[in-house]
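Q: Below you'll find the structure I mean.
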Amino acid sequence: MSSHITKLSWAGIRITAGAEQLVIDGLEGRNGEVQGRIGPNRRPLIDLAETSIDVALVTHTHKDHFDADALHRRLTPHKRVLVPADSAAEVRDAGFNAIPITPFAGTAVGAFHITALPAVDGFGAAQVAWLVETPDLRIIHLGDTLFHGFWWQIAKFAGPVDAVFLPINGARVAIPGQPATGLPGVMTAEQAVVAARLLQARLAVPIHYEEFHSPPAYNADLHAEAQFLEHARAQAVPAQVFAPGEIVLTR
């Protein structure tokens, strides 16, 4: 069985193992909910897949990571969506077969073995990272987590992985009716490189940057990609940038 990983728009990736497809945090954004929250996308959002997706993983239910409209269009009739345990009711209410997972717990779905890992949301929502294994590949996807203190536990649990997908745009977000922190609500480029180094990733791939920047409500670092590559060189972390639609790894 061969496997490959394709980078999608924003934080999304697609993992193909044989004839089966899994998507993490897929976003097509055709229903306007994302634009209403963090502004219009600055480049086109590509389709999640040309054929039906077998299972979707959602790190958390912010609309730029849980595109329910796209998943209803793309998922097979089983509509299986793995989510943080505290988000299962919300995802079921949206019409999906929600499978709740707690950190360090795992399950097998077809060709994929999936384990939830700790993550910390910048706005208090339930969030996990995902470890996904096929017979050929092992990857970690970090959603849009903050930097936190679980990296060593994750590294010990997961061991070295083929790739880690890391959010890098360090977005500062203004929440209506709430005092602003002035601090990033997601990892910065430098923090992402440190996380990749601690996780012993064979390849660090940046996600969650470029598509959205709509100050003052959503103020992203527009130099995040260059900073990520600079910090990766300085810390000797293997890193590569991929455009949406490009294949990241094939085995």
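Q: Considering every residue within the stretch 11-31, establish whether at least one is more than 25 Å from R172 (Cα to Cα), within 15 Å of the chain's Cα centre (by Cα) and touching a residue at least 60 places away in the same chain (Cβ under 8 Å).
A: Taking every residue of the stretch 11-31 in turn, at least one turns out to be more than 25 Å from R172 (Cα to Cα), within 15 Å of the chain's Cα centre (by Cα) and touching a residue at least 60 places away in the same chain (Cβ under 8 Å).
Q: Also: T115 is checked against (1) closer than 25 Å to T250 by Cα; (2) modelled with pLDDT under 95 and fails just one. What number does that condition carry?
A: Of everything listed in (1) closer than 25 Å to T250 by Cα; (2) modelled with pLDDT under 95, T115 misses just condition (2).
Q: For residues that are β-branched (V, I, T) and assigned to a helix (DSSP H, G or I), scanning just the stretch 33-56, find the one that is surrounded by the most Cβ atoms within 10 Å (Cβ to Cβ).
A: So the residue we want is V34.
Every residue, every condition in (1) closer than 22 Å to P84 by Cβ; (2) of a type outside the set (D, E, K, R), yes or no:
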{"position": "D136", "(1), (2)": "no, no"}
{"position": "G149", "(1), (2)": "yes, yes"}
{"position": "L166", "(1), (2)": "yes, yes"}
{"position": "M187", "(1), (2)": "yes, yes"}
{"position": "V193", "(1), (2)": "no, yes"}
{"position": "Q200", "(1), (2)": "no, yes"}
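Q: Tell me the residue from V205, V194 that is in contact (Cβ under 8 Å) with a residue 24 or more places away in the chain and touching a strand residue (DSSP E or B) at 6+ places or on another chain (Cβ under 6 Å), please.
A: Result: V205 is the single residue among V205, V194 that is in contact (Cβ under 8 Å) with a residue 24 or more places away in the chain and touching a strand residue (DSSP E or B) at 6+ places or on another chain (Cβ under 6 Å).
Q: Hey, can you tell me all the residues within the stretch 91-107 that are under 20 Å from H141 (Cβ atoms) and open to solvent by 40 Å² or more (accessible area, probe 1.4 Å)?
A: Correct list: I99, P100, T102, P103, F104, G106, T107.
Q: Which of the numbered conditions does A232 fail, given that it passes all the others? Conditions: (1) open to solvent by 50 Å² or more (accessible area, probe 1.4 Å); (2) free of Cβ contacts under 8 Å to residues at least 40 places away in the same chain; (3) not aromatic (F, W, Y).
A: For A232, the exception is condition (1).
Q: Look through R14, R30 and report the one residue that is closer than 28 Å to H213 by Cβ and open to solvent by 60 Å² or more (accessible area, probe 1.4 Å).
A: Within the list R14, R30, the selection yields R30.
Q: So is V173 over 23 Å from L249 (Cα atoms), of a type in the set (V, I, T) and surrounded by 18 or more Cβ atoms within 10 Å (Cβ to Cβ) or not?
A: So V173 passes the test.
Q: A follow-up question, please. Hey, any hits in the stretch 73-85 for a residue that's closer than 21 Å to T134 by Cα, within 19 Å of the chain's Cα centre (by Cα) and β-branched (V, I, T)?
A: The answer is yes, given that some residue of the stretch 73-85 is closer than 21 Å to T134 by Cα, within 19 Å of the chain's Cα centre (by Cα) and β-branched (V, I, T).
Q: Identify the residue in the stretch 118-133 that is open to solvent by 20 Å² or more (accessible area, probe 1.4 Å) and of a type outside the set (G, A, S) and, among all such residues, is modelled with the lowest pLDDT.
A: It comes out as F123.
The values are calculated or read from the model by the stated rules, or taken from the named source; none is laboratory data. These figures come from a predicted structure and were not determined experimentally. Positions of Cβ are backbone-derived with ideal geometry, glycine not excepted, and every protein chain shown enters the neighbour counts. When the accessible area is computed, the model is the full protein with side chains, heavy atoms only, and any ligands, DNA or RNA have been set aside. Shrake-Rupley method; radii C 1.70, N 1.55, O 1.52, S 1.80 Å.
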